[in-house]
Structure formats: structure tokens, C-alpha cells
Amino acid sequence: AAIFGNVQQQTLEVVYDGAGGRVGFAPNGCS
Amino acid sequence: AQKRESGEIDSHTIQLSSLFPSSSSPCVLSSRASNTKSSLHVTHRHGTCSPLTSGKATTSPPDHAEILRLDQARVNSIHSKLSKKLTDRVRQSKSTALPAKDGSTFGTGNYVVSVGIGTPKRDLSLIFDTGSDLTWIQCEPCVQTCYSQKEPIFNPSSSSSYYNVSCSSAACSSLSSATGNAGSCSASTCVYGIQYGDQSFSVGFLAKEKFTLASTNVFDGVYFGCGENNQGLFTGVAGLLGLGRDKLSFPSQTATTYNKIFSYCLPSSASYTGYLTFGTAGISRSVKFTPISTITDGTSFYGLDIVGITVGGEKLAIPSTVFSTPGALIDSGTVITRLPPKAYAALKSAFKAKMSQYPSAEGVSILDTCFDLSGLKTVTVPKVAFSFSGGAVVELGSTGVLYAFKMSQVCLAFAGNSDDNN
């Protein structure tokens, strides 16, 4: 499988919604 | 129009000094982690913020070649775990026996949080990992062996809220899906074992204990591994916080409070802290969601469906089957993003074409597209965006595209998988 690694996750806020069955990203969500 | 003219819309201009943060910069704490009740500071294991380096960064900068070697070992074990699950599904229809090479390689485990465990509470530094499920820590009396760790090793006999778990409990039977190994029995106490592909492992008693997050969020009776025999790349940290999707993972065990929702911002450099927040507190309104894909059903991984990549505003001509055949997942413990070979080839050629003004440099380890930026103050790189199923388009930050070894070797931070199916 392709794997989205932690270098690419930097500066993104990454949201795991296990109950909702979804993953979210907020670009620049960390500033 | 002016921005488009100057190409700023589709590119980042990066101060090269930011790619080489000094190892003595003072620690800058995440305000989110400091101000949100259910948030933990995330520190870079080797940085000035890490509790493991008592205020100064480790003198020797991390060995990049070693980081990338271990990263590949982790990726190989994730692939073997996925293929095993896949053949498990196939196995229902066939009787072929396949070597079980389970567990995930630990990798470099760069991101650490502090969690309170036991009564009285002991704050312990744990690596957080969305690619595995079982939380475990080293425990006295280290019947077999313990690696060296910064904080004193947890002693269950000094905690009034510690309980061993019996072999007949449901939690003991769910160890096989959480660790790849069924629980075993020692004097009617459940024993766990988790093995990471790079000779790292932890074996000990499955137990229940009080966990305290950010001093005020108390969870009684959390199942975790009390490791009496631990070895491997964990030096310095007390254990691991498993954030996968299995029922024994920490998000699953705290679902009544946090509904299996958590979010994080990784520190963008070793002298900053990021945050790991449980629950919905503070989640940005601009979050774009994509459904967890079915490719990883039956495993603890968070699967994603990538549908396209854009480089400098140009959508790459990659057939969607290139992504859908092998599938994709997100992992906090994998450093460099891995792409199917055809997708990586398209990204590499588009990126190189937009970086033609910079001299090429020798590749390093798994990274084969590098540039010599010696003598420059800034570099202008094309923006890279990922499109996921459900319409989410995610533009990577400026630090998400390059991996810098030294000024004369700054590389595209992506690598191709070895074949189209993995």
C-alpha cells in the first residue's frame, strides 16, 4: 500500500475520527 | 494576478536555514497543548523539548541514513502485515499456509507524549503510534530484560490501582488481533507478546491500570502491557501508546469519553512541541475529511483512498487504478511517504522539471531525487497536493516536500514502493 508518512503530515492538523470512519486534514491547521 | 504572475500560487519559497534548525534553539511549547484540557504536548524524541534529553538536543544529530533504513524496515513490515491479512481473506478459500511475519517494525519512533500511569501517578514518556494498537510500558522487576529508559521503570507493586488480567478474560482473547500473537497463560495471568520486525519486542503481563491524561483526565482500568522482557529501538522512552483501530487501542478503550476521535499536529522542528488532542476540542473548522478505506479492513491501520497528486498546479496523469489497486494508509510512525512506482515516477519527473534551475545531487538511501543548494539562501519548490476520495484536496506544507541531509543534498521527501501491488 502507499503510506502517508509523518514528513508530509507536518504543518497539517490530522484528525482521526474512528467512530465516523473518516480521517481529516487541515492544511496550516497547526499554526 | 500578481501572485499567479510570479508563480507564488503554485510554489513555496523556503528559507534554507529553516531546513537545518540549530540543535540548541530553546524549546517553544505548543499553545494548543498548553491550553486544551485533553491535549498532550508532542515532542520530537531527539529535540530540545524532549524530556529525554533534559533540555538540550542530543549532541549527535540523528543519523539520517539510519532513520531511513529503519523507516524502510517499518514499511516492509506494514506491507507484510497487510499482505498477511489479505491472504487470510484469501485463505478462507484456500488452504495454503503462509509464514506469519506479524507485528510492525518499530522504526525510528520520533514523537513522544507524557502520560500519567498508576496510583500514585507516574508520568512516563511514550512514543505514540497510529500504526499499532497495544499500549505497553516497561515494568519492574524486568524479569528478563529492560532497555535503558530516562524515567524510573514503572513498578506495579507500588501502584494501588494495578491489576493483572486473567487468561480467561475477553481482553486476553483479543490480544491476537491487537498484537498478531494470541495471549498465553502464566499462573492464570494473561501474557502478551508483541514483536516489531527490527528485532524489537515487548513481552509481559496484560494488566489494567489508571491512566491520567494532561493531569485531569483520569481513565480507570485501561488495558495495557506491563513488559518484563523488552528490547529494541525504544532507548530512553518508557513504552508505546497504541492509537490504532483495534478494540484494545487507547482510542477504542476511551471511546465513551472521546468517541474514538483524536487529532495531532506534529512539531515542525525539534525545538517545538506539537500536540495530541483526544476528543473534538479545538479541531480546525477547515478540516477536510476523507472516508477510511476498506483496503485495511481487518487490520489496525487507518486506510485512505488517494485519487490524485498535483505538482505546482499541474494534475499528474496517473490512472486512478495505480492508487486503488494497492490502496493507502496513514501512519504517524512512517517518516517518508511511499507511493506506488508509477505514481512516484510521475511525481518525480514533474517535480524535477519544475526544479530544473537547481543542480542535481547524488541520491541518499531511499531518496533518489536530490538537489545541490549550496550557497543559496532560499529555494522555490512547486507545491504538492494530494486528492483523496470524497473530494478532499490537501496541500502539503512547505516542510512536507523536502528532506534535507545537508545544503548540497536536499531531496524530494517521497519514495516509490518496489512493486505496483504493495
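Just so you know, all these numbers are worked out from the coordinates, no wet-lab data involved. Please read all numbers here as calculations on a predicted model, not as lab measurements. All Cβ positions, glycine included, derive from the backbone under ideal geometry; neighbour counts span all protein chains shown.
Compute the length gained on full extension between B:LYS150 and B:LYS342: take 0.36 nm times their separation in residues and subtract their Cα-Cα distance, giving the result in nm to one decimal. Can you show the working numbers first?
Details: separation 192, 0.36 × 192 = 69.12 nm, distance 4.41 nm.
Full extension of this stretch gives 64.7 nm more.
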Extending each Cα 7 Å along its Cβ direction at B:ASP419 and B:SER24, get the distance between those two points in nm, one decimal. 5.2 nm
Taking only C-alpha pairs under 8 Å that are 6+ residues apart, what is the relative contact order of the stretch B:183-255 in percent? 23 percent
Per-residue average of Cβ from other chains inside 10 Å of B:278-284: 3
How would B:ILE67, B:ILE194, B:ILE153 line up from fewest to most surrounding beta-carbon atoms within 10 angstrom? B:ILE67, B:ILE153, B:ILE194
Cα-Cα pairs of the stretch B:113-219 separated by more than 16 Å (percent): 62 percent
Can you compute the radius of gyration and Dmax for the protein assembly as shown, using only the Cα atoms, both in Å? 21.6, 74
Within 10 Å of each Cβ in B:295-308, the average number of Cβ atoms from other chains: 2
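For the stretch B:277-346, go through all pairs of different Cα atoms, get the mean of 1/r, take its inverse, and jot down that Kirkwood value in Å. Don't jump to the answer; show the numbers that get you there.
On the way: mean 1/r = 0.0705 Å⁻¹.
14.2 Å is the Kirkwood radius here.
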How much mean residue ellipticity at 222 nm does chain B get from its helices, if each DSSP H run of length 4 or more adds -39500 (n - 2.57) and you divide by all residues, to the nearest 500 deg cm²/dmol? -4500 deg cm²/dmol
Given B:LYS150/B:LYS208; B:LYS288/B:LYS383; B:LYS84/B:LYS352; B:LYS84/B:LYS288; B:LYS315/B:LYS352, which pairs have Cα atoms separated by over 26 Å? B:LYS84/B:LYS352; B:LYS84/B:LYS288
Contour minus Cα-Cα span, B:SER349 to B:THR325, at 0.36 nm per residue, comes to 6.4 nm
7 Å from Cα along Cα→Cβ at both B:THR119 and B:THR216: what's the point-to-point distance in nm? 2.1 nm
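Quick check: convex hull over the Cα atoms of the stretch B:310-422, volume per residue in Å³, rounded to an integer? Write down the numbers at each step before the final one.
On the way: hull volume 12.6 nm³, N = 113.
Taking the convex hull of the Cα positions in the stretch B:310-422, it is 111 Å³ per residue.
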Is the shape of the stretch B:183-341 rounded, prolate or oblate, going by the alpha carbon gyration tensor and its root eigenvalues a ≥ b ≥ c, with a/c under 1.5 for rounded and a/b larger than b/c for prolate? prolate
Could you work out, residue by residue across B:328-341, how many beta carbons of other chains sit within 10 Å of that residue's beta carbon, and then give the average as an integer? 5
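In nm², what is the average projected area of the convex hull enclosing the Cα atoms of chain B?
Values: hull surface 87.1 nm².
Reported value for the Cα convex hull: 21.8 nm².
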Residue-wise HN-Hα coupling along the stretch B:30-38, computed from phi with Karplus coefficients 6.51, -1.76, 1.60 (Hz; x: Gly, Pro): 5, 5, 4, 5, 6, 9, 10, 3, 9
Descending packing, highest mean Cβ count within 10 Å first, for A:6-15, B:304-313, B:372-381 is A:6-15, B:304-313, B:372-381
Approximate spin-label separation B:ALA65-B:SER408, in nm, with each point projected 7 Å along Cα-to-Cβ: 1.6 nm
To the nearest 10 degrees, how steep is helix B:341-353 against the longest Cα principal axis of chain B, on a 0 to 90 scale? 40 degrees
